[in-house]
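So the structure is just underneath, and the comments pick up after that.
The values are calculated or read from the model by the stated rules, or taken from the named source; none is laboratory data. Bear in mind the structure is a predicted one, so any value in this text is a computation, not a measurement. Here the Cβ is made from the backbone with ideal geometry for all residues, glycine too, and neighbour counts use every protein chain on show. Please note that ligands, DNA and RNA were not included when accessible areas were found on the heavy atoms of the full protein model with its side chains. Shrake-Rupley method; radii C 1.70, N 1.55, O 1.52, S 1.80 Å.
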Amino acid sequence: MSEPAELVAPVYSRVLLKLSGEALMGDRQYGIDPDVVRGIANQVAEARAGTVQIAVVVGGGNIFRGLAAASSGMDRATGDYMGMLATAMNGLALQDALEQAGCPTRVMSAIGMNEICEPYIRRRAMRHLEKGRVVVLVAGTGNPYFTTDTAATLRAVDGVYDADPEKDPKARRFTRIGYTELLASRLEALDATAVSLAMDNEMPIVVFDMTQPGNIVRAVRGEPIGTLIGA
Ligand code: GTP
């Protein structure tokens, strides 16, 4: 049984939660499942209770995947821009659910769409976080050819394995792995650029299965779930 929330000191003071668009569709083939979004919002609200600052990067693959469109002939940059618009739709859905769960939320976009959400301004995002608002970041980096994916998010992952768990039944999950070990092993579970950036900035990454109820809260509290990637 887990301890009551007020007795557990969160180990992280600021976290960035990466939600793939696919995470919002639940069992559907496409789009947004409101129950799933509500469930995620409730967990974020619980994880935030107290002093943890939470930013969320949301993807758009549940609505549109630029890469898939490019493979069927569309101009890659155009496809990526459409994908960025999809992330904005997800961001607004998340904001709505978060505010219904009692979390003041600001959506900030890397592409100007001022009538819909705020522009991303780093110092302003920091102020929002300091004031206890959840900041939902949409439109990725604002540039085509860059994915928001850190992990292989097309299928559910609950951590980093030493082999592909779908192909190799003997694959074992790491509970911890070093940045350099992960990069050297050329495991495909994570985006190498994202891991290098995290390493340079000494930011730990936790890869976990967020479809399990309570896991977002556990990860934010530093409980040992999934795989912790660190120094
Ligand atoms: P403080 O300055 O700390 O009070 O932050 P605040 O976000 O509460 O105040 P602000 O007056 O900046 O924003 C009020 C509301 O307008 C919030 O819901 C913002 O998300 C929203 N808002 C602010 N700037 C923009 C913008 O450029 N576009 C859109 N669509 N909404 C905005």
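Odds and ends about this structure:
- When Val207, Val107, Val136 are checked against the criterion of being within 12 Å of the ligand (Cβ to nearest atom), modelled with pLDDT of 90 or more and either out of contact with any Asp or Glu (no Cβ under 9 Å at 6 or more places or on another chain) or not assigned by TED's automatic domain parsing to the domain that holds Ile54 (or both), a single residue qualifies: Val136.
- Residue in the range 73-93 that is at positive phi and more than 16 Å from the ligand (Cβ to nearest atom) present: yes
- Filtered residues of the range 17-32 (kept if free of Cβ contacts under 8 Å to residues at least 60 places away in the same chain and within 17 Å of Val56 (Cβ to Cβ)): Met25
- Leu67 touching an Asp or Glu at 6+ places or on another chain (Cβ under 9 Å), in a helix (DSSP H, G or I) and farther than 14 Å from Ala41 by Cβ: yes
- For the range 84-103, the set of residues classified as in a helix (DSSP H, G or I), open to solvent by 20 Å² or more (accessible area, probe 1.4 Å) and either without any contact (Cβ under 8 Å) to a residue 60 or more places away in the chain or among the small types (Gly, Ala, Ser) (or both) consists of Leu85, Met89, Leu92, Ala93, Gln95, Asp96, Glu99, listed by residue number.
- So Met210, is it open to solvent by 40 Å² or more (accessible area, probe 1.4 Å) and of a type in the set (A, V, I, L, M): no
- Subset tally (residues that are of a type outside the set (Ser, Thr, Tyr) and open to solvent by 40 Å² or more (accessible area, probe 1.4 Å)) for the range 188-205: 10
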